[in-house]
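Bear in mind that the values in this text are calculations on the coordinates, not laboratory data. The model shown is predicted, which means the values in this text are computed figures rather than measured ones. All Cβ positions, glycine included, derive from the backbone under ideal geometry; neighbour counts span all protein chains shown.
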Amino acid sequence: MNHLSTLPSTGEQARHALLLIGAPVGARLVVDVHAAIFDGDLSMADLAGRVPGLCAALRPDLTAAPGVLALAEWPIERRIVTPAHRQADELTMVIRVAEFVALRPGRAATRLLRELAPRVPHGVEAVDLAEAARAALTSPRLAAQLAAEVPVRAAAVARAAALDPRQQLFGLPSVPHQRGPG
């Protein structure tokens, strides 16, 4: 007897969610977005190991950002996470998800938007969460923070070019903190 599943694989399910999200995010958010918007059975346990098509988001020191997933097909500059870019990516993600939910409303999708609202300044009380996220995305404060990160991100991308392909996907190993002579 053949037990073929018609459900997409774990990697395909995570890919669908990440394509909608559009930026590296925590595994919990990938699962939550997938559960609210797509059919399937994606779980945190599924994302615990190495999943084909997924890789680690990288910090500016090129170590893996713990628990933050990205698509392996994304260029390195899109997979490097810094505080202001992460905030901008999150606001963009809220816009994308809110617009998608407007096209395909449902109870789970509406609940997801309520869970995302606190991530947006004034999002909890906003009538239109996507508009509140757009306003926050265009704030002068965020623009200045993004501009300040440009040299850090450019340096990380330049250093990443010298890494082998596996290190570009999963980062450099963390070096344990050494204690000095005591």
Would you check if there is a residue in region 20-38 being of a type in the set (D, E, K, R), surrounded by fewer than 18 Cβ atoms within 10 Å (Cβ to Cβ) and over 22 Å from THR82 (Cβ atoms)? no
Confirm whether ARG79 is surrounded by 15 or more Cβ atoms within 10 Å (Cβ to Cβ) and either among the polar types (S, T, N, Q) or under 10 Å from the mean Cα position of the chain (by Cα) (or both). yes
How many residues of region 60-91 are part of a strand (DSSP E or B) and not small (Gly, Ala, Ser)? The answer is 6
Odd one out for VAL51 among (1) assigned to a helix (DSSP H, G or I); (2) among the hydrophobic types (A, V, I, L, M, F, W, C); (3) in contact (Cβ under 8 Å) with a residue 40 or more places away in the chain: (1)
Based on this model, can you work out whether LEU146 counts as out of contact with any strand residue (DSSP E or B) (no Cβ under 7 Å at 6 or more places or on another chain), surrounded by 10 or more Cβ atoms within 10 Å (Cβ to Cβ) and either within 15 Å of PRO60 (Cα to Cα) or of a type in the set (Gly, Ala, Ser) (or both)? yes
Of the residues ALA84, ALA64, which is farther than 30 Å from ASP128 by Cα, over 10 Å from the mean Cα position of the chain (by Cα) and either crowded, with 19+ Cβ neighbours inside 10 Å or of a type in the set (A, V, I, L, M) (or both)? ALA64
Evaluate region 106-126: report whether one residue or more is free of Cβ contacts under 8 Å to residues at least 12 places away in the same chain, hydroxyl-bearing (Ser, Thr, Tyr) and over 22 Å from ALA148 (Cα atoms). yes
From the list LEU19, LEU42, LEU29, which one is part of a helix (DSSP H, G or I) and out of contact with any strand residue (DSSP E or B) (no Cβ under 8 Å at 6 or more places or on another chain)? LEU29
Going by what's in this entry, would ARG79 be described as among the basic types (Lys, Arg) and under 25 Å from PRO52 (Cα atoms)? yes
Residues being touching a strand residue (DSSP E or B) at 6+ places or on another chain (Cβ under 7 Å), closer than 23 Å to LEU142 by Cβ and not hydrophobic (A, V, I, L, M, F, W, C) - total across region 45-93: 3
